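The values are calculated or read from the model by the stated rules, or taken from the named source; none is laboratory data. Bear in mind the structure is a predicted one, so any value in this text is a computation, not a measurement. Positions of Cβ are backbone-derived with ideal geometry, glycine not excepted, and every protein chain shown enters the neighbour counts. These area figures cover heavy atoms from the full protein model, side chains too; ligands, DNA and RNA do not enter into them. Shrake-Rupley method; radii C 1.70, N 1.55, O 1.52, S 1.80 Å.
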Amino acid sequence: MRHVIIGAGPAGVVAAETLRKLDPESSVTMLSHEPEPPYSRMAIPYFLVEQVGEKGTWLRKGDGYFQNNGITVRTGVTVEGLDSDGKQVKLAGGDTVPYDKLLIATGSHPVVPPLPGVDREGVHTCWTLEDSRHIIERAKDGARVVLIGAGFIGCIILESLVMRKTRLTVIEQQNRMVPRMMDDRAGGLIKKWCQDKGVTVHTSTTVESVDEGSDGHPLAVRMDNGESVQADLVIVCVGVKANTAFLEGSGVKTDEGILVDRHLQTSAPDVYAAGDVAQGLDFNTGEYTVQAIQPTAADHGRLAANNMAGYPLRHQGSVNMNVLDTLGLISTSFGLWMGVEGGDSAELYDGDRFRYINLQFQDDVLVGGSSLGMTDHVGVMRGLIQSKVRLGKWKERLKSDPTRIMEAYIACTQALGHNARVLSA
């Protein structure tokens, strides 16, 4: 059996390792567009602040790891198309790679808005190790840096830029920071926290162009509020998009990502998809969406590999979850943190201490939640959402005091276990 994986991120690596264990007689080949060994994008911030070297970003440490485990990794390979009828991956230059089972784990790429001047030297995304090398060259102590976008990725990069002692300005189009993870109150607290740490933050502000700078700075970022910020470096972090362009004409159906079923199989026979590129099942909504987070990628990779190797597993759906550290302030969101129509909620807000927790209910089931500056509740919040356990009287108690979520978890899960024992007796 020839297993081929396009992509060498977390989904691809976990899938390759799983295939090697489940199907030891098969060949496993990973194709990577980048020249580096498989690495974690989540480690890039540590590379930016020189806490780790490039090898410290590798998903699997040690020279020869993949070779020693019987996994072939081909780096610097560009996939240009897929012949799903002939079961061949088409490479740049005319070469092909045959397969019996194929996993598409091509991930995503950063969106670059069509702004005048966005192609100037000194304007970068922060997505690859190569991007990071360019940023390190310019983000020196005292350098003026403009970060366009304050979403999840932007806020991770933000911390690295502050640690490099740059003079940082953040520009976010929405009315708050991390708008896809935090509501207005929590996002506003993150903004204030950053400002208190010396970061200039503009929200509800749009960048109109990147112009030639002045006063010794090569760049200037012009905003719709009439202001212009001089910069030595501009970093664009406004979102990502699934890498599906090479699939045109392949028979693999796509939407926001690659459409998959409960086994992560695509519309083409023997072709699977996993990670940021897959439009997989959402645990809470039952809809199929792209969840571009590393835990989902690893889960997808394991499950897809089982199905490729002939050990059928059905995807139960991924829980939307984010954990973010912004200059020492921890924020989290899980499930339907924005609430549901006709639902109920509980909230605690302590702006002076940068503490916030919000719980979202559907009937007496916790379906989502978010927190800021409060880490004790992270595990139980996720546990209650995933278990879908009925809270009963504990819902009203949580509405009065959402910090009692640990008590609610213990009480409700113990009751659930007791009922299960009674039924089985």
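Specify which of the listed residues (Asp299, Asp270, Asp325, Asp344) is open to solvent by 40 Å² or more (accessible area, probe 1.4 Å), over 16 Å from the mean Cα position of the chain (by Cα) and of a type in the set (Asp, Glu).
On the way: Asp299 fails: over 16 Å from the mean Cα position of the chain (by Cα); Asp270 fails: open to solvent by 40 Å² or more (accessible area, probe 1.4 Å); Asp325 fails: over 16 Å from the mean Cα position of the chain (by Cα).
Just one listed residue meets the conditions, Asp344.
Of Ala139, Ala150, which residue is of a type in the set (A, V, I, L, M) and under 17 Å from the mean Cα position of the chain (by Cα)?
Values: Ala139 fails: under 17 Å from the mean Cα position of the chain (by Cα).
Testing whether each residue is of a type in the set (A, V, I, L, M) and under 17 Å from the mean Cα position of the chain (by Cα) leaves just Ala150.
Only one of these conditions is not met by Val49: (1) open to solvent by 40 Å² or more (accessible area, probe 1.4 Å); (2) modelled with pLDDT under 95; (3) over 21 Å from Ala242 (Cα atoms); (4) not hydroxyl-bearing (Ser, Thr, Tyr). Which number is it?
(1)
Would a scan of the stretch 66-78 turn up a residue that is surrounded by fewer than 20 Cβ atoms within 10 Å (Cβ to Cβ), over 24 Å from the mean Cα position of the chain (by Cα) and in a loop (DSSP other than H, G, I, E, B)? Before you say what the answer is, go through the steps one by one.
In the first step, residues of the stretch 66-78 are kept if they are surrounded by fewer than 20 Cβ atoms within 10 Å (Cβ to Cβ); the result is 67-70, 72, 74-76, 78.
Next cut, over 24 Å from the mean Cα position of the chain (by Cα) only: 67-70, 72, 74.
Among the residues that remain, those that are also in a loop (DSSP other than H, G, I, E, B) are: 69-70.
Yes, the stretch 66-78 contains at least one residue that is surrounded by fewer than 20 Cβ atoms within 10 Å (Cβ to Cβ), over 24 Å from the mean Cα position of the chain (by Cα) and in a loop (DSSP other than H, G, I, E, B).
With Arg138, Arg222 as the choices, which residue is among the basic types (Lys, Arg), out of contact with any Leu (no Cβ under 7 Å at 6 or more places or on another chain) and either open to solvent by 40 Å² or more (accessible area, probe 1.4 Å) or without any contact (Cβ under 8 Å) to a residue 24 or more places away in the chain (or both)?
Details: Arg138 fails: out of contact with any Leu (no Cβ under 7 Å at 6 or more places or on another chain).
Criteria check complete, one pass: Arg222.
From the residues in the stretch 144-182 that are assigned to a loop (DSSP other than H, G, I, E, B) and open to solvent by less than 10 Å² (accessible area, probe 1.4 Å), which one is nearest to Ser228 (Cα to Cα)? Break it down stepwise before answering.
Within the stretch 144-182, the first condition is being assigned to a loop (DSSP other than H, G, I, E, B), and the residues that meet it are 149-151, 164-166, 172-182.
Narrowing the set further to residues that are open to solvent by less than 10 Å² (accessible area, probe 1.4 Å) leaves 149-150, 177-178, 181-182.
On the way: Gly149: 16, Ala150: 18, Met177: 20, Val178: 23, Met181: 28, Met182: 28 Å.
Among those that are assigned to a loop (DSSP other than H, G, I, E, B) and open to solvent by less than 10 Å² (accessible area, probe 1.4 Å), it is Gly149.
Of everything in the stretch 186-217, what is in contact with a helix residue (DSSP H, G or I) (Cβ under 9 Å, 6 or more places away or on another chain), surrounded by fewer than 17 Cβ atoms within 10 Å (Cβ to Cβ) and either modelled with pLDDT under 95 or part of a loop (DSSP other than H, G, I, E, B) (or both)? Give them in sequence order.
If the condition is that a residue be in contact with a helix residue (DSSP H, G or I) (Cβ under 9 Å, 6 or more places away or on another chain), surrounded by fewer than 17 Cβ atoms within 10 Å (Cβ to Cβ) and either modelled with pLDDT under 95 or part of a loop (DSSP other than H, G, I, E, B) (or both), then Lys197, Gly198 are the ones that fit.
Restricting to the stretch 85-135, and then to whatever is open to solvent by less than 20 Å² (accessible area, probe 1.4 Å) and among the hydroxyl-bearing types (Ser, Thr, Tyr), can you tell me which residue is farthest from Ala292 (Cα to Cα)?
Within the stretch 85-135, the match that is farthest from Ala292 (Cα to Cα) is Tyr99.
If only one of Pro37, Pro45, Pro24 is in a loop (DSSP other than H, G, I, E, B), on the phi < 0 side of the Ramachandran plot and out of contact with any strand residue (DSSP E or B) (no Cβ under 9 Å at 6 or more places or on another chain), which one is it?
Details: Pro37 fails: out of contact with any strand residue (DSSP E or B) (no Cβ under 9 Å at 6 or more places or on another chain); Pro45 fails: in a loop (DSSP other than H, G, I, E, B).
Testing whether each residue is in a loop (DSSP other than H, G, I, E, B), on the phi < 0 side of the Ramachandran plot and out of contact with any strand residue (DSSP E or B) (no Cβ under 9 Å at 6 or more places or on another chain) leaves just Pro24.
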